[in-house]
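Have a look at the structure below, then the notes.
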Amino acid sequence: RLDEAITLFEQVITDSTRIFGDDHPNTLTLRNNLANCHLQAGRFVEAIQLYEQAATGRARVLGDNHSLTLSTRNSLADAYEAAGRRDEAIALYEQVATGLTCVLGPDHPRPLTVRHSLACAYASAERHDEAITLFQQVITDRARILGDNHPHTLNTRNNLADAYESAGRRDEAIALYEQVATEQIRVLGEDHPGTYNTRRELADSYREA
């Protein structure tokens, strides 16, 4: 019920700003949450404006490398990507990935998630070599930390197959789609959306070949 959530968040932000101040952590968190609602509703302009305000405020109050500042910047990068502002998204994903790795360590799930998003942005921008290299690195790390058959690992392997296909490396794409589909059927089941998506993409690759 996004419209109701947005209206109420706006009211509470007004009160929080009046009582606590514009840069109070509560106000900044509310502004970030309102931006989340706008992003879910597909209102990218509003979401970006609010994320930028929240990121600036959190950097000023908490510091550039605080986990909440980096989290808001990551959400801002997601909004840039959704709005088609790909170059800005990529630049911000790169900053956030570096920052989270420094703060949380290279094996924490959050930096891995951001690196996966960055690889997807590279792929969307047709920067195939960078996407493939980064997907391969994330797969290695996720397999080591989460396990080779963890859903996140399988999802990244599927995205690597997509990148192979986009780069014209169809034989590699088909081989990887087949591996991922087999594992997803075993781990997730035949009717899981992830399994369905991989098998559909595999069928597309068969057809194109």
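The values are calculated or read from the model by the stated rules, or taken from the named source; none is laboratory data. The structure presented is a predicted model; accordingly, all values stated were derived computationally and were not measured. FYI the Cβ positions are ideal-geometry reconstructions off the backbone, even for glycines, and counts take in every protein chain you see. Side chains included, ligands, DNA and RNA excluded: accessible areas come from the protein's heavy atoms. Shrake-Rupley method; radii C 1.70, N 1.55, O 1.52, S 1.80 Å.
Tabulated data for the structure shown
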item	result
Given (1) touching a Phe, Trp or Tyr at 6+ places or on another chain (Cβ under 9 Å); (2) modelled with pLDDT of 95 or more, number of the condition GLN137 does not satisfy	(1)
Whichever residue in segment 184-198 is of a type outside the set (Val, Ile, Thr) and within 23 Å of the chain's Cα centre (by Cα) and, among such residues, is nearest to ARG170 (Cα to Cα)	ASN197
Contacts under 8 angstrom Cβ, first residue in segment 119-133 being farther than 11 Å from ASN159 by Cβ, partner open to solvent by less than 50 Å² (accessible area, probe 1.4 Å) and outside any helix (DSSP H, G or I), 6 or more apart	HIS128/ALA167; ASP129/ALA167
Checklist (1) crowded, with 17+ Cβ neighbours inside 10 Å; (2) in contact with a Phe, Trp or Tyr (Cβ under 9 Å, 6 or more places away or on another chain) applied to GLY84, failing item	(1)
Residue in segment 148-161 that is assigned to a loop (DSSP other than H, G, I, E, B) and among the polar types (S, T, N, Q) present	yes
TYR93 vs. criteria open to solvent by 20 Å² or more (accessible area, probe 1.4 Å), assigned to a helix (DSSP H, G or I), modelled with pLDDT of 95 or more and at negative phi	no
Filter result (aliphatic (A, V, I, L, M), assigned to a helix (DSSP H, G or I) and open to solvent by 30 Å² or more (accessible area, probe 1.4 Å)) within segment 118-138	ALA123
When residues of segment 1-28 are limited to those that are of a type outside the set (Lys, Arg) and in a loop (DSSP other than H, G, I, E, B), the one farthest from GLU46 (Cα to Cα)	PHE20
Any hit, segment 36-46, residues being at pLDDT 95 or above, loosely packed, with under 15 Cβ neighbours inside 10 Å, within 23 Å of TYR80 (Cα to Cα) and β-branched (Val, Ile, Thr)	yes
Candidates ASN74, ASN65, filtered to the one that is in a loop (DSSP other than H, G, I, E, B) and within 19 Å of LEU100 (Cβ to Cβ)	ASN65
Exclusive hit being closer than 26 Å to GLU126 by Cα, polar (S, T, N, Q) and open to solvent by 20 Å² or more (accessible area, probe 1.4 Å), set THR98, THR56, THR29	THR98
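Listed here are the residues, each with its yes/no results for (1) aromatic (Phe, Trp, Tyr); (2) surrounded by fewer than 16 Cβ atoms within 10 Å (Cβ to Cβ); (3) more than 14 Å from ARG115 (Cα to Cα).
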| site | (1), (2), (3) |
| --- | --- |
| THR140 | no, yes, no |
| ASP148 | no, yes, yes |
| THR153 | no, no, no |
| ASP162 | no, no, yes |
| ALA167 | no, no, yes |
| ALA175 | no, yes, yes |
| GLU183 | no, no, yes |
| ARG186 | no, yes, yes |
